[in-house]
Structure formats: C-alpha cells, structure tokens
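Chemist: I'd like to ask you about the structure that follows.
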Ligand SMILES: Nc1nc2c(ncn2[C@@H]2O[C@H](COP(=O)(O)OP(=O)(O)O)[C@@H](O)[C@H]2O)c(=O)[nH]1
Ligand SMILES: [Mg+2]
C-alpha cells in the first residue's frame, strides 16, 4: 500500500487528496488512518446538498455556484470550495462523466476549487456512508464549502441530503410534469428552492406551482415575482444582524445556470442560511444528529457483522426455512437466532 501523508493533504496537495479519496471510495484499509488523521480537523465546512431530477441543470449550477462563492465581495479570503458529484447511475467507478470532465476543465484554472465524482458502484456500506467519508476527508483537508450534487430520487439521496447543513432542491421547466415529480419528501428537506433554466418562458409557471406547494406545506407567505429573484415574503431581504429568525422559510430562486443569472443571489442566500443555522444553534444540533446517525449506522453494521461471523450457518438456514414455510414469524425467528 502506498503511504499518503495527511499533512500534505492539509497543505493543499491535490494529488494526495485524490489518492486519499480513492482509498476511501474503495473502502481500502489505508483510508481509516487518513480519516483518523483528518477527522479532528473536520466539522468546520459548510455542507451544501444540491439535489433534483436528472437534467435540471445541477452540475451546471454547482459549477457556477463554486465560482460565485470564490468571488463574493464581502470576504477578504476566497473560501476553498470542493464539489462531490454523486452519480448513482454512473457506470464509471470513480471516473468522471463526460459533462463532469468538461466542467473540471472549466474550473481547472482555480486551485481553490476541487471537484470529484463518485459512482455508487463498489460503495461499501452504501452511498450515504461513502459520501460521509468523502466529506470528512474534504472537510479535514480544509475546504470551507463542500457542494454535494446528487440526483433526488430515492432514500439514498434523501440520506445524502441529510448530510448537508443546507439543502438546495433544483427544479426546471419542461421536464414533463415536473412539479408532480417533486415528491413531498424532497420539498420537506429543501432549505432553498431553485427553478433553473429561467431563460425558458415556462419557468415562471414552474416557480408559481412550487410556491403554491410551499404555501400548502408551510402555510402563509406571499408570492413576490419582482425580478428574476423571487423570495417568499420578506425573509430574503431581512438581514440577520441581532434578530435571528426562528423559522426559516425556504425561498424560491429563479436562475439561469448557463449564463449565471441569479447565481450571486442564490450564493448569498446559501450563506444567509449558514448564518441562520449558526445564530439559532441549529448548526450544532444538525452536527450532533449527523454524527449520532453515523455512529448508529456503524454500530448496526458492526454488530451484524460480528453476529454473522458467530452464527451457525446450518441453524440459520433451518430457521429461515421455517419462516419460508410459514411455521415461524420473522420476529420469532429473529428472536430465536439472537
Ligand atoms: N436553457 C438552459 N439550459 C440549461 C441551464 N442549465 C443547464 N442547462 C442544460 O441542461 C442540460 C443538463 O444540465 P446538467 O447540468 O448536466 O444537469 P444535471 O443532470 O441536473 O446535472 C445541459 O444540456 C445544460 O447545458 C439553463 O439555465 N438554461
Ligand atoms: Mg449532473
């Protein structure tokens, strides 16, 4: 096994970082050491989940957001931005999709942006688990913002979204019955909603339909369609100086990822959400919940593994046969086996 120096990773050695992520992705034993070395330095990054149906423009948007975060005017030092593109459909293990290759090229000139695709294939312990491990490494490596792009389809993606401090759900007009395609579950986890492709005429309708769904879900609020940047009520215009809001109201942003329209406002809103979380103490709560879930999941995995190693295979098969023959209920069987 090749040694990777965690210090080199912390000092910005991109090659070392890439290799570390490959070890993590393959669940290589060497990845444990790296995670252990970087974990104490993690817990600082703002984790931002970007989720939505394929083709809504997530990758294009993430690209633009990364650039916007690097260039925001109210900061002395440009933050370091990492992008994790989780693609459950990608057959290329660890490799980049064509589109991702193109955007890697696009962002290649900026050493403050690191981008990495992750395919689900070969991910031991599930996609959410590998994504969490990726996040630990990138966070510990000193990235200030970590954008996690994931297709908003199933439970795994919801789990990934739960990793994030801020969840951005992306919609776009003209993808069939798009509003119907948004499951209530995904709306529930959205901190910020984006209607991308606002260069298309149907975008306003998509935003309006989304707003109606939001109003049903959250109650109250009014639709303000002034300009391309729609915000629900006045939540977006309020500054969070000494009066933290206790209820975050998701706002809807109309953006055009291809030309950057609305991206700066979106970036600012994401930042505003981070401040909101920190000022209300929710940041810490989320952090604790996330680590607790991680720990629970690991304990479950480990206990199951230990138990599987001890159990008499023939006995297990006999009990399973009883269940199949409907002679025992699964609960009775599990109790007997444990
Ligand atoms: N018209 C228009 N097309 C866009 C916009 N953003 C992305 N696209 C296009 O939509 C397609 C899918 O984009 P991509 O970022 O790969 O979507 P993803 O599957 O959600 O990651 C590409 O052809 C993009 O060029 C936009 O704002 N307006
Ligand atoms: Mg994509």
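The values are calculated or read from the model by the stated rules, or taken from the named source; none is laboratory data. Values in this document were obtained by computation on a predicted structure and should not be read as measured data. Methodologically, a virtual Cβ is constructed for each residue, glycine included, from the backbone with ideal geometry; neighbour enumeration extends over all protein chains shown.
Chemist: Across region 70-94, what is the total count of residues that are surrounded by 13 or more Cβ atoms within 10 Å (Cβ to Cβ), at pLDDT below 80 and either assigned to a strand (DSSP E or B) or within 16 Å of ligand 1 (Cβ to nearest atom) (or both)? Break it down into steps so the answer makes sense when it comes.
Modeler: So in region 70-94, the residues surrounded by 13 or more Cβ atoms within 10 Å (Cβ to Cβ) come out as 70, 72, 78-88, 90, 92-94.
Narrowing the set further to residues that are at pLDDT below 80 leaves 87-88, 90, 92-94.
Then keep just the ones that are either assigned to a strand (DSSP E or B) or within 16 Å of ligand 1 (Cβ to nearest atom) (or both); that gives 87-88, 90, 92.
Of the residues in that region, 4 qualify.
Chemist: Restrict the check to region 205-220 and report whether at least one residue is within 14 Å of ligand 1 (Cβ to nearest atom), modelled with pLDDT of 80 or more and touching a helix residue (DSSP H, G or I) at 6+ places or on another chain (Cβ under 8 Å). Break it down into steps so the answer makes sense when it comes.
Modeler: Taking region 205-220 and keeping what is within 14 Å of ligand 1 (Cβ to nearest atom), we get 206-207.
Imposing the further condition that a residue be modelled with pLDDT of 80 or more reduces the set to 206-207.
With the extra rule that they be touching a helix residue (DSSP H, G or I) at 6+ places or on another chain (Cβ under 8 Å), the set shrinks to 206.
Yes.
Chemist: In contact with a helix residue (DSSP H, G or I) (Cβ under 7 Å, 6 or more places away or on another chain), assigned by TED's automatic domain parsing to the domain that holds residue 248, modelled with pLDDT of 80 or more and not in a loop (DSSP other than H, G, I, E, B): which single residue out of 193, 187 fits that description?
Modeler: Working: 187 fails: modelled with pLDDT of 80 or more.
Within the list 193, 187, the selection yields 193.
Chemist: Of the residues in region 32-56, how many are within 12 Å of ligand 1 (Cβ to nearest atom) and buried (at least 24 other Cβ atoms within 10 Å of the Cβ)?
Modeler: Selection size over region 32-56: 4.
Chemist: Same structure, new question: Six or more apart or on different chains, Cβ atoms under 8 Å: show the pairs whose first residue is in region 296-316 and over 15 Å from residue 333 (Cα atoms) and whose second is assigned to a helix (DSSP H, G or I).
Modeler: What qualifies is 297/129.
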